[in-house]
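This is the structure, below, for whatever I ask next.
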Amino acid sequence: MFSFLRGQTFKTILSMILLFVGISLVLSLVQESKYESRIRVLVYQKEGAPDAYSAARFNDYASGIISKLIYSSSFLDKVQKSGFALEADFNDDPLKRDMEWKKMIRTTIFPNTGILEISVFHPNQVQADQWANGVAKVLLTAEPLGFGLESTRVSLIDAPLTSTAPVYPNVWLNLAIGAILGLMAGVGLVYVFGEEGGSMFGSVPKPSSGTNGPGSSNMSMGGAFTHPMAVAKVMPARGAEEKPVIPVV
């Protein structure tokens, strides 16, 4: 059942797995490590809704609007003025600055709950915590947001929780993905090029036992072997006597 593990097939697949795992490890090591600081807030309507269903729908709507506002440049400006010791090397170009901010922060909405989770990523652990505190302060003390959210309120559920180790890049996840890709590549090579794994992993075919090498004293012709000193017989003409022909040495 596992006989293929002893052949060239196994070597080809194992080689591809090790290759892709090595590439994944190198890419993980060259990427910048980042810490995560996460907060959770509850978005709700100040004035009571007529029923629970309407309240849940409004909370989801308000959470979605706020999650989009967090990615805006105006929200970033408010966070930078929140009074915390924030450090970030943003680009002077407004478009690139917005892209950098969107890579630095992430929002997650929990449907039908009104709970909004905000994660901040930074190479420095202390700075990740400071930025998360700045985001929380802006959300809790902001003036009416508009967009039909004048009656919306935000309460802090979980204070900033900062990771003790970098969460990005995820080395183990990258290695697992590399192993899976290597396995798929190895199986693909075997499937396309056969058991030998293609010209890159194949072996040179050996001559068969019935084939004579350059140093052989015998010559093969049509499967028959003829010694050079063998006596050749010539077919005589009609009515002539057969005479053996002896080769001249």
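The values are calculated or read from the model by the stated rules, or taken from the named source; none is laboratory data. Not measured: the values here are computed from a predicted model. Reconstructed Cβ throughout: ideal geometry from the backbone, glycine too, with neighbour counts over all protein chains shown.
When you go through 37, 33, 67, 74 one by one, which is the residue that is closer than 15 Å to residue 131 by Cα and not aliphatic (A, V, I, L, M)?
Among 37, 33, 67, 74, only 37 is closer than 15 Å to residue 131 by Cα and not aliphatic (A, V, I, L, M).
For segment 147-156, check the following and say yes or no: at least one residue is charged (D, E, K, R) and closer than 22 Å to residue 34 by Cα.
no
I've got another one for you. Taking residue 105 as meeting all but one of (1) at pLDDT below 90; (2) under 32 Å from the mean Cα position of the chain (by Cα), write down the number of the exception.
Unmet for residue 105, out of (1) at pLDDT below 90; (2) under 32 Å from the mean Cα position of the chain (by Cα): (1).
Quick test for you: out of 21, 26, pick the one residue that is surrounded by fewer than 13 Cβ atoms within 10 Å (Cβ to Cβ) and modelled with pLDDT of 80 or more.
Of the residues listed, the single one that is surrounded by fewer than 13 Cβ atoms within 10 Å (Cβ to Cβ) and modelled with pLDDT of 80 or more is 26.
Among what's in segment 73-98 and is among the hydroxyl-bearing types (Ser, Thr, Tyr) and in contact with a helix residue (DSSP H, G or I) (Cβ under 8 Å, 6 or more places away or on another chain), pick the residue that is surrounded by the fewest Cβ atoms within 10 Å (Cβ to Cβ). Quick ask: steps written out before the conclusion?
Step one: of segment 73-98, the residues among the hydroxyl-bearing types (Ser, Thr, Tyr) are 73-74, 82.
Adding the requirement that they be in contact with a helix residue (DSSP H, G or I) (Cβ under 8 Å, 6 or more places away or on another chain) leaves 73, 82.
Numbers: 73: 12, 82: 16.
Ranking the candidates gives 73 first.
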